[in-house]
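Notes to accompany the following structure.
The values are calculated or read from the model by the stated rules, or taken from the named source; none is laboratory data. Keep in mind the model is a prediction, meaning the values are calculated, not measured. When the accessible area is computed, the model is the full protein with side chains, heavy atoms only, and any ligands, DNA or RNA have been set aside. Shrake-Rupley method; radii C 1.70, N 1.55, O 1.52, S 1.80 Å.
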Amino acid sequence: MTLTSEDVVLAEVQREAWIRGDTTWLLDDDQLAQHDALWSGQGDYYACISRQRGKTWWAVAECIMYAMRNPGAQIKYASLTHKSVRAIIGPVLREQLATCPAELRPTEDTQHGEWRWPNGSVLTCAGVDNQHYTALRGTKAHLVIKDEAGFFADYDSVDAVLSPQLLTTRAQGGRCLEISTPPPPVKRLELSH
C-alpha cells in the first residue's frame, strides 16, 4: 500500500494530537459538546443519552485523554457487567489507541482489568455485576466513570466503593461522569372492563 501525501499529513496531525494527549479528534459534534460541558463546570456530570449515540466511545476517549494529560492519574471505569468490559470497553480502547505512538500507548493487563500508561496513569475497568465492582476499590481516583449507571442493580454499593475515592482529589479537579441510556418506555396495559 502506497501512502499519499494526505495520509502522511493525517498521520503527523494524529501523532501531534497524541503527544498533547488530545483525543477530541475521535469525537463527533454531539460528543464534543458533552466533552465541553463535562470540563466547563465543577463537580460530577450526569448525561442521559440514547442508545447507539456513542456514550461509551466518548467516555473511553475522556479516560485516555485524562490519563495522558495527567501523569499518575488513577481512573476507575464501572461498566454494567463484567462481560461488557471484555466485549465493549476493551475493544473500544484498542480501537481508539490504534494510531497512538507506541511510546505513549498503555499496556493492557487483562487479568486485572487495567491499562497502564508510560506516565504512570492507570485505568481500572470492572463490571458491577456479581460484586465485581470491588475490583475498583482503592485509595483515590481522579476520574470515575459509571457507564449505564441507571441500570446498576446495586447502585448504592457501587457508589460506596467509588465516591470516597474522589474525596481527596475533588479540590484538584477530580470528578465523576455518570452516563446512562434512558429507561425503556413503560408498556401500556390494555384494561378490559
Task: Using alpha-carbon coordinates, inclination of helix 5-20 to the longest axis of the chain, degrees - done: 60
Task: Protein-only accessible surface order, largest first, of Ser5, Ser157 at 1.4 Å - done: Ser5, Ser157
TODO: Per residue, how big is the convex hull around the C-alpha atoms of the chain? Give it to me in cubic angstrom, could you?
DONE: 174
Open item on the list: As a test of reading the structure, rank Ile19, Ile145 by solvent-accessible area (1.4 Å probe, protein chains only), most first.
Closed with: Ile19, Ile145
Task: Per-residue HN-Hα couplings for the stretch 91-97 [Karplus 6.51, -1.76, 1.60; θ = phi - 60°; Hz; x = Gly/Pro] - done: x, 5, 4, 4, 5, 5, 7
Open item on the list: Quick one: 3J(HN,Hα) in Hz for the stretch 37-44, Karplus 6.51/-1.76/1.60 with θ = phi - 60°, rounded, Gly and Pro as x.
Closed with: 5, 4, 9, 7, x, 10, x, 6
Task: DSSP-defined beta bridges in the chain - what % are antiparallel, rounded to 5 - done: 25
Open item on the list: Is the C-alpha gyration tensor of the stretch 1-108 telling us rounded, prolate or oblate? Criteria: a/c under 1.5 is rounded; beyond that, a/b larger than b/c is prolate, otherwise oblate.
Closed with: prolate
- [ ] Calculate how steeply helix 55-69 sits against the longest principal axis of the alpha-carbon atoms of the chain, using the helix alpha-carbon long axis, and give the answer as 0 to 90 degrees to the nearest 10.
- [x] 50
- [ ] Enumerate the calculated ³J(HN,Hα) couplings along the stretch 104-114 in order (Karplus 6.51 cos²θ - 1.76 cosθ + 1.60, θ = phi - 60°), each rounded to whole Hz, writing x wherever the residue is Gly or Pro.
- [x] 9, 6, x, 9, 9, 10, 5, 5, 9, x, 10
